[in-house]
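First the structure, in the form of structure tokens, and then the observations on it.
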Amino acid sequence: PDQLAKMEDLQATEEAAFVAEDVNNIIKESIDSILLNATYTQQKVGQWTSQIVESCMKRTTALNKPFKYVVTCVIMQKNGAGLHTASSCYWDNATDGSRTVRWENKTMYCVTTVFGLAF
């Protein structure tokens, strides 16, 4: 193949790749926009998690990449209890990816993950 065809293939691969840095920024900004000055309030956690997930989903799909996304969000009060999470995926390392952000303030932790699966 000639040089131009190789460059076009590379560009197509890059356009279809999961860009972890972009997704990381989307997650951080989504969390900050909702929780930045918040104090943990049990009655608001359901609303907050929904807003964070919806914001991440809206902003990742706006990247217009050929992906299906899965977004999870856990908010936990800071009270000394432990929290352990794990995930496992069967996917194509060349295109698919995930990003997890652990965010905290004085009263709570927020752990949000975005999985991007190419189609």
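From K78, K65, which residue is farther than 20 Å from I26 by Cβ and not aromatic (F, W, Y)? Talk me through it step by step, then tell me what you get.
Values: K65 fails: farther than 20 Å from I26 by Cβ.
None of the others qualify; the one that does is K78.
Which residue is nearest to the chain's Cα centre (by Cα), if the candidates are limited to the range 52-68 and must be outside any loop (DSSP other than H, G, I, E, B) and crowded, with 17+ Cβ neighbours inside 10 Å?
Initially, the range 52-68 is screened for residues outside any loop (DSSP other than H, G, I, E, B), giving 52-61, 67-68.
Pick out the ones that are also crowded, with 17+ Cβ neighbours inside 10 Å and you get 52-53, 55-56, 59-60, 67.
On the way: I52: 10, V53: 9, S55: 10, C56: 6, R59: 10, T60: 8, F67: 13 Å.
Within the range 52-68, the match that is nearest to the chain's Cα centre (by Cα) is C56.
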Problem set entry | Residue list for the range 90-119, filter: out of contact with any Lys or Arg (no Cβ under 8 Å at 6 or more places or on another chain), open to solvent by 50 Å² or more (accessible area, probe 1.4 Å) and in a loop (DSSP other than H, G, I, E, B) | Y90, W91, D92, N93, A94
Problem set entry | Filtered residue count, the range 35-51, keeping only those that are open to solvent by 40 Å² or more (accessible area, probe 1.4 Å) and either over 18 Å from the mean Cα position of the chain (by Cα) or farther than 14 Å from T107 by Cα (or both) | 11
Seminar exercise, completed: Here the residues within the range 69-89 that are over 21 Å from A17 (Cβ atoms), of a type outside the set (A, V, I, L, M) and surrounded by 13 or more Cβ atoms within 10 Å (Cβ to Cβ) are T72, C73, Q77
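For residues that are of a type in the set (A, V, I, L, M) and in contact with a helix residue (DSSP H, G or I) (Cβ under 8 Å, 6 or more places away or on another chain), scanning just the range 15-53, find the one that is farthest from G97 (Cα to Cα).
Taking the range 15-53 as the starting set, the residues that turn out to be of a type in the set (A, V, I, L, M) are 16-17, 19-20, 23, 26-27, 31, 34-36, 38, 45, 52-53.
When the remaining residues are screened for being in contact with a helix residue (DSSP H, G or I) (Cβ under 8 Å, 6 or more places away or on another chain), the result is 23, 26-27, 31, 34-35, 38, 52.
Values: V23: 10, I26: 15, I27: 14, I31: 20, I34: 25, L35: 25, A38: 30, I52: 19 Å.
Per the stated criteria, the residue is A38.
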Seminar exercise, completed: The residue that is least open to solvent (accessible area, probe 1.4 Å), considering only those in the range 18-34 that are touching a residue at least 40 places away in the same chain (Cβ under 8 Å) and polar (S, T, N, Q), is S30
Seminar exercise, completed: Pairing a residue in the range 61-87 that is in contact (Cβ under 8 Å) with a residue 24 or more places away in the chain with any residue that is among the hydroxyl-bearing types (S, T, Y) and surrounded by 10 or more Cβ atoms within 10 Å (Cβ to Cβ), where Cβ atoms lie under 6 Å and the two sit 6 or more apart in sequence or on different chains, gives Y69/T60; T72/T113; C73/T49; C73/T112; I75/T49; M76/Y109; Q77/Y40; K78/T107
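The values are calculated or read from the model by the stated rules, or taken from the named source; none is laboratory data. As the structure is a computational prediction, the values presented were derived from the model and not from experiment. With ideal geometry, Cβ positions are generated from the backbone for all residues, glycine too; neighbour counts draw on all protein chains shown. The accessibility values were calculated without ligands, DNA or RNA, using every heavy atom of the protein model including side chains. Shrake-Rupley method; radii C 1.70, N 1.55, O 1.52, S 1.80 Å.
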